[in-house]
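The values are calculated or read from the model by the stated rules, or taken from the named source; none is laboratory data. If you're wondering where the values come from, they're calculated on a predicted model, not measured in any experiment. Cβ sites come from the backbone with ideal geometry, for glycine too, and all protein chains shown count toward neighbours. Note: areas computed on protein heavy atoms with side chains; ligands, DNA, RNA excluded. Shrake-Rupley method; radii C 1.70, N 1.55, O 1.52, S 1.80 Å.
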Amino acid sequence: MATEGQSATGLMGVAVRGLEASRRSAVAPFLAMDVFKEAARLSAGGHSIIRMEAGEPGAPAPLRVREAAMRALQDGRIGYTQTLGIPLLREAIAQHYRDTYGVSVEPARIAVTTGSSGGFALAFLALFDAGARVAIAAPGYPAYRNILDALGIETVALATRAADRFIVTAAMIEEAHRMRPLDGVLLMSPANPTGTMMRDEELAAICATCERLGIRFISDEIYHGLTYAWPAQTALAFSQQAIVVNSFSKYYCMTGWRIGWLVLPEQIVRPVERLAQSLAISAPTLSQIAACEAFAARDELEAVKADYVKSRAMLLEELPRMGLRDFHPVDGAFYVYVNVSRFTNDSMDFCKRLLSEAGVATTPGADFDREQGAHAMRLSFAGASTDVGEGISRLARWLKT
Ligand SMILES: Cc1ncc(COP(=O)(O)O)c(C=O)c1O
């Protein structure tokens, strides 16, 4: 994928030497966020746009979360917190592991971060030196590669196929490591953009293989809770050496609160703390206070999930009727990753036209897969099911024209 130009221009557009952006900043754009910007511009200009591009819940944060934030604001001072987070939130997160997975985690191993995005940067810096090699799945979440690129860490794409449920296996990791040693593996389940999930035995095998080969395993568990076929298991059930990344953004509907967490092996806690002291000082205080309430908001959040269940059912039924039959039937998360090669071999252009001609914002596959992405498009059903229904109708009409 082409990177964006970096040359600095001065008066009259003449190039200014020495004032260019750094080479490490030349990461690929995150296309979903570029479409997000364009869709927001069109909406603000009065166009009716159905937003199926972003992985962003349409529902607000749970009421008790918002009430806790309001109380904290009324109380006055919002200061820094301890770098690894307020003790109450770290304890609530530890309790969540006991309640949800029956896994015991010391609060001392939890670092509260600025979204999981902030957690990735800290984890990568704490675990890997420049030049290290980290395997990720293709298709996969684009920011992994972009953050790793910016840090001078090499990514090794493990290509997955719809026919194999888009799953990375322990055998694939072992093979890649045999060809050239890996330092880390970063996987997610449920996965963005495919909606695939690892079964417990697949996750267990990956944890065991990584431990045996001395490879760091990072498990992105941000879509836990959003599962439709079987519950998601945490990597901590199989390995105390795994690094878990999670966030309040998705199941808990708190994207803009920018609050997430890491669960770290003991020996990585202090390195992360030292890095976070300087890179962040602390995660947003108001969000930390509010997030303490999130785990108690299950009823409200399950109602939001019930709406995703409706949207998922509509998409799984209607897409094949439009001739879009090739997709994984979404075990979890809120995305359908559809092969659109019947209609185009340039999904970037396809998504642009779908937005401008039919008012449906989606994300082109190139964001997730540099090799095969031109044949694919991601539809997010994180918005209200009524909007998803309208998006489906518009897509069906547009494909007929
Ligand atoms: C797989 C995955 N991980 C991490 C993130 C980042 O989320 P946040 O920084 O809001 O926690 C996203 C966002 O879409 C994602 O899809």
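Counting only strands (runs of 3 or more DSSP E) that sit completely within the stretch 207-294, those holding 1 or more residues that are within 14 Å of the ligand (Cβ to nearest atom) and of a type in the set (S, T, N, Q) correspond to 216-220, 243-247.
In the stretch 129-167, the residue that is least open to solvent (accessible area, probe 1.4 Å) out of those that are farther than 22 Å from Tyr223 by Cβ and out of contact with any helix residue (DSSP H, G or I) (no Cβ under 8 Å at 6 or more places or on another chain) is Ala132.
Of everything listed in (1) open to solvent by 10 Å² or more (accessible area, probe 1.4 Å); (2) within 21 Å of Ala157 (Cα to Cα), the single unmet condition for Thr344 is (2). The set of residues from the stretch 75-105 being part of a helix (DSSP H, G or I) and within 17 Å of Val245 (Cα to Cα) comprises Leu89, Arg90, Glu91, Ala92, Ile93, Ala94, Gln95, His96, Tyr97, Arg98, Thr100, Tyr101. Between Ala108, Ala130, the distinction of being part of a helix (DSSP H, G or I), more than 20 Å from Ile206 (Cβ to Cβ) and more than 21 Å from the chain's Cα centre (by Cα) belongs to Ala108 only. In this structure, Lys310 qualifies as over 18 Å from Val244 (Cβ atoms), in contact with a Ser or Thr (Cβ under 7 Å, 6 or more places away or on another chain) and basic (Lys, Arg). For Glu221, the requirement of being of a type in the set (Asp, Glu) and open to solvent by 60 Å² or more (accessible area, probe 1.4 Å) is not met. When the stretch 117-163 is limited to residues that are among the polar types (S, T, N, Q) and in contact (Cβ under 8 Å) with a residue 60 or more places away in the chain, the one that is nearest to the ligand (Cβ to nearest atom) turns out to be Ser117.
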